[in-house]
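Throughout, read-outs are computed from the coordinates displayed, never taken from laboratory work. Here the structure is a predicted model, which is why all the values come from computation and not from measurement. Positions of Cβ are generated from backbone atoms using ideal geometry, with glycine treated the same way; all protein chains shown enter the neighbour counts.
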Amino acid sequence: MTSPTDPEPEHQGTDAQRTGLGRRRALVVGTGLIGGSLGLALRKRGWHVTGRDSDPARAREALDRGVLDEVGDDPEAEMIFVAVPATAAGLEASRLLSDPSRRPDAVVTDVSSVKDEVVRAADHPRFVGGHPMAGSEQLGLQGADPDLFIGATWVLTPSPVTDPGAFSRAQEVVRSLGSEVVALSPQEHDRLVAVVSHVPHLVAATLMNAAASVGEEHAVLLRLAAGGFRDMTRVAAGHPGIWPDICADNGEAIVQAFDRLLVDLSRMRDLVRSSDREEIAQVLDRASVARRALPTRATAPETLAELRIPVPDRTGVLAEITTLAGESGVNIADFEIAHSTEGSGGVLVLVVDASEADGLRRALSNRGYSCTVQELA
């Protein structure tokens, strides 16, 4: 178990030595909407960004648009972002991690919206699965935006083999782009994202197609489309090319979410058929309350607390604790591992919002971890 506070490898050296210009270096593989936005966001924060794409013309366009400093590869990149379709992301990440010409401490992450298959394909201590919950109705490089990730939730999915130092660096870079980091297991991520992202997109597309079919017979219909219809179908304008792969890779979770939705839709249909005004009002009221309670952009906590958790030096302990925090809705502001001078264990130190510390302590206790909580001044 490697601590993010351990001395860094000799290969790394100083920033100036390893970059030549004193700039941190990143490689972006895939220069579409997300890859392009990453390039712009990183360059805006002073990084030297190299990138490549399966379409050389698109990589050259990325260079012309200021997304990249240069086209090609960068063996000295400390962070590598794989922004290719999920079906290719795991294999691409695995190739990058096994390349002996790269610096041995380079961290590789991806941006795929399906995580389990990718994480299993790129099974390596320096791979940290990732998914920025951000997007745009604009397609490709035309929609690239350096501020796309500000205020967005960025899910990291550590696996049992993830190195703490790699997770720490991925978290630090993602947070520097303005995102709130949430850690989940790959399986839990896929289950949840099916409910809040994949099924809503497919429902929006289905509703849009239904309206378009009727509109062919009644041309005035789509001219009457009000704000509610436009809001519900907005995501249907997104790039359709990625969705067959998403449905294939996360099909089981999507079908389960659809099954639950179909039960609720059938119930609503029956309520309308029976003109049950009272029950319809109650269902809509519950939905209204839940919608208003949706969290908005992340806000900085007023006070922080430190949890110190004695942990054994065993594979998977980092993934277990960080994903438990994510499942509990707790954002980890910072962490480190303090190694014990005796024995094979250590202490995992988490810094979280003070208001969430006791809840996380109880969740950890239920998993068999003892810990202390101290509010930071």
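For Lys44 and Gln256, what does the FRET efficiency come to when R0 = 45 Å and r is the distance between their Cβ atoms, rounded to the nearest 0.05?
Between Lys44 and Gln256 the formula returns 0.70.
Averaging the inverse of every distinct alpha carbon separation and then flipping it gives the Kirkwood radius. What is it for segment 112-200, in angstrom units? Over segment 112-200, the inverse of the mean reciprocal pair distance is 13.7 Å. Plainly put, the chain has a radius of gyration that is 1.01 times its Kirkwood radius, both from alpha-carbon atoms, as the Rg/Rh ratio. Here the simple spin-label model places points 7 Å from the Cα toward Cβ, and for Asp145 and Gln187 these points are separated by 3.6 nm.
Computed from the alpha carbon atoms alone, the convex hull of segment 154-248 holds 131 Å³ per residue. Derived scalar couplings between HN and Hα for segment 148-165 equal 4, 9, 5, x, 7, 7, 10, 8, 10, 10, x, 9, x, 9, 5, 6, x, x Hz in order, rounded to whole Hz, by the Karplus curve 6.51 cos²θ - 1.76 cosθ + 1.60 (θ = phi - 60°), x for Gly and Pro. Exposure proxy shown here: for Cys247, Cys371, the number of other Cβ atoms within 10 Å sets the order, fewest to most, as Cys247, Cys371. Could you state the angle between the C-alpha long axis of helix 277-292 and the longest principal axis of the C-alpha atoms of the chain, as a value from 0 to 90 degrees rounded to the nearest 10? Here the helix axis deviates by roughly 30 degrees. Please work out, to two decimal places, the log10 of the ratio I(q)/I(0) at q = 0.19, 0.23, 0.24 Å⁻¹ from a Debye calculation in which every Cα of segment 189-292 carries one identical scatterer. Normalising to I(0) and taking log10 leaves -1.19, -1.29, -1.29. Sparse packing (at most 11 other Cβ atoms within 10 Å of the Cβ) combined with a DSSP loop state is found for the following GluC sites (Glu not before Pro) in segment 304-377: Glu342. Working note: Debye formula, equal point scatterers on the alpha-carbon atoms of segment 15-184, no solvent; log10 I(q)/I(0) at q = 0.11, 0.17, 0.18 Å⁻¹ is -0.38, -0.99, -1.13.
Our helix-only sum for the chain, with -39,500 (n - 2.57) per DSSP H run of n ≥ 4 divided by its residues, gives a mean residue ellipticity at 222 nm of -13000 deg cm²/dmol.
The largest-to-smallest principal axis extents of the Cα set in segment 304-376 are 33, 24, 18 Å. Once label points are set 7 Å from the Cα along Cα→Cβ at both Ala57 and Leu207, what is their separation, rounded to one decimal in nm? Rounded to a tenth, the inter-label distance reads 3.7 nm. A simple spin-label model places the labels of Ser101 and Ser365 5.5 nm from each other, with each point 7 Å out along Cα-to-Cβ.
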